[in-house]
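The values are calculated or read from the model by the stated rules, or taken from the named source; none is laboratory data. These numbers were taken from a predicted model, which means no experiment stands behind them. Here Cβ is always computed from backbone atoms with ideal geometry, including for glycine, and neighbour counts include all displayed protein chains. In case anyone asks, the SASA skips ligands and DNA or RNA and just uses the protein heavy atoms, side chains included. Shrake-Rupley method; radii C 1.70, N 1.55, O 1.52, S 1.80 Å.
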Amino acid sequence: MFYCCPEIGCNNATLLEDATGLHCPNGHLFPYAQGTKVPVFASESENVNEYTSENAAEIHDNSLRWLFDTFETDEPSLRKTLIAKLDLRKGMKILVTGAGAGNDLSYLVESMAGEGVIFAQDISKQMLLVGAERSYAELHDSGVEFFFSVSDATNLPFLDNIFDAAYHFGGLNLFPDIQKGIAEMNRVVKFGGKIVVGDEGVAPWLKQTEYGQMLIKNNPLCAYDAPLSLLPESAKSVKLSWELDYYFYVIEFTVSNSAPRINIDIPHVGKRGGSIRTRYFGQMEGIDPTLRDKLYTEAEKQGISRVAYLESLLKKGIS
Ligand SMILES: C[S@@+](CC[C@H](N)C(=O)[O-])C[C@H]1O[C@@H](n2cnc3c(N)ncnc32)[C@H](O)[C@@H]1O
């Protein structure tokens, strides 16, 4: 059981399964969608969007056709290019967020050499159930096991560090909290695993051109920036690129358990002196600027850095 309770206060409690759905020890029930084994974690009424209408999958198919015709490319090439960034291998266990009608699943299966486990989630029951149906029909003997859930990508019902990789294509700009959506993918992927996310967002140098303005008028989501500033502090090997003529940004990074670490005590040689530690943590109150200038002149006369001279004065004064 890789699912856990996403409700606040349940601390990712593991769930028990019965014929009706998944149960948490604190009484939360996540029922299976009618006639399926797909647990529903997210409330539909709270998450109404363009993908929750009855014929959402059909509308999405049409918009994908428009997309690939407009950018004069084909769906398999684009999807394979993006999925290649995940460095998938046979037998991996991976997560797809905002999986929609499952258009990526066959390419993911191919990249896993027909062996592994795919968890696909989407907040829209309409989209996800079409995805589940299509994959049962087309991929049931692919060698890869599938688990579908209706859930919110910004509050995933999965235990920490259980996936080898996570993937998201299209939909990130719609998340109520993009940073939380990325943080959730980061939480559930093992250290060393890769995350790839992409969505509409015209490259910054094209936004003000006629090309960029046409695309933004056509779809305001294209005005979004690639959310680099929303990556976790521990993200490693970060890469940003664009696909479809700079229409879609793609961010890839490796999950790690450590923020950048440096030696902050290496002294600077030169007029100012000090180190990263003294310059950042040793900030003091403002002093009389004339006194400050005198201190600078005196330090220069003595041939020592400003920090070294100031520290020597303080030490003498305080002792
Ligand atoms: C443009 S579609 C992309 C579908 C699919 N990834 C593809 O490439 O065809 C965006 C999807 O993101 C889903 N989505 C939007 N907000 C979501 C959220 N908070 N959690 C999970 N899925 C979400 C929508 O329901 C929709 O299916």
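Observations on the structure shown:
- Against the list (1) more than 10 Å from the ligand (Cβ to nearest atom); (2) in contact with a Leu (Cβ under 8 Å, 6 or more places away or on another chain); (3) of a type in the set (Ser, Thr, Tyr), the condition residue 77 fails is (2).
- In summary, residue 65 fulfils each of the numbered conditions (1) open to solvent by less than 60 Å² (accessible area, probe 1.4 Å); (2) farther than 20 Å from residue 175 by Cα with the single exception of condition (1).
- Test: residue in the range 41-57 that is among the β-branched types (Val, Ile, Thr) and either part of a loop (DSSP other than H, G, I, E, B) or away from the ligand (no atom under 11 Å from the Cβ) (or both): yes
- Unmet criterion (only one of (1) touching a helix residue (DSSP H, G or I) at 6+ places or on another chain (Cβ under 6 Å); (2) of a type in the set (A, V, I, L, M, F, W, C); (3) part of a helix (DSSP H, G or I)) for residue 183: (1)
- Residue count for the range 61-98, restricted to those that are closer than 18 Å to residue 164 by Cα and not basic (Lys, Arg): 13
- Residues located in the range 1-19, provided they are assigned to a loop (DSSP other than H, G, I, E, B) and open to solvent by 80 Å² or more (accessible area, probe 1.4 Å): 1, 8, 11, 19
- Residue list for the range 148-164, filter: within 15 Å of the ligand (Cβ to nearest atom) and either under 16 Å from residue 106 (Cα atoms) or touching a strand residue (DSSP E or B) at 6+ places or on another chain (Cβ under 6 Å) (or both): 148, 149, 150, 151, 153, 157
- Scanning the range 137-155 for residues that are under 18 Å from residue 115 (Cβ atoms) and without any contact (Cβ under 8 Å) to a residue 12 or more places away in the chain, we see that the one that is surrounded by the fewest Cβ atoms within 10 Å (Cβ to Cβ) is 141.
- Scanning the range 165-212 for residues that are open to solvent by 40 Å² or more (accessible area, probe 1.4 Å), more than 11 Å from the chain's Cα centre (by Cα) and farther than 25 Å from residue 49 by Cα returns 190, 191, 192, 204, 205, 208, 209, 210, 211.
- Yes/no for residue 109 being more than 13 Å from the ligand (Cβ to nearest atom) and of a type in the set (A, V, I, L, M, F, W, C): yes
- In the range 294-312, the qualifying residues are those that are open to solvent by less than 70 Å² (accessible area, probe 1.4 Å) and without any contact (Cβ under 8 Å) to a residue 12 or more places away in the chain, and the one that is farthest from the chain's Cα centre (by Cα) is 298.
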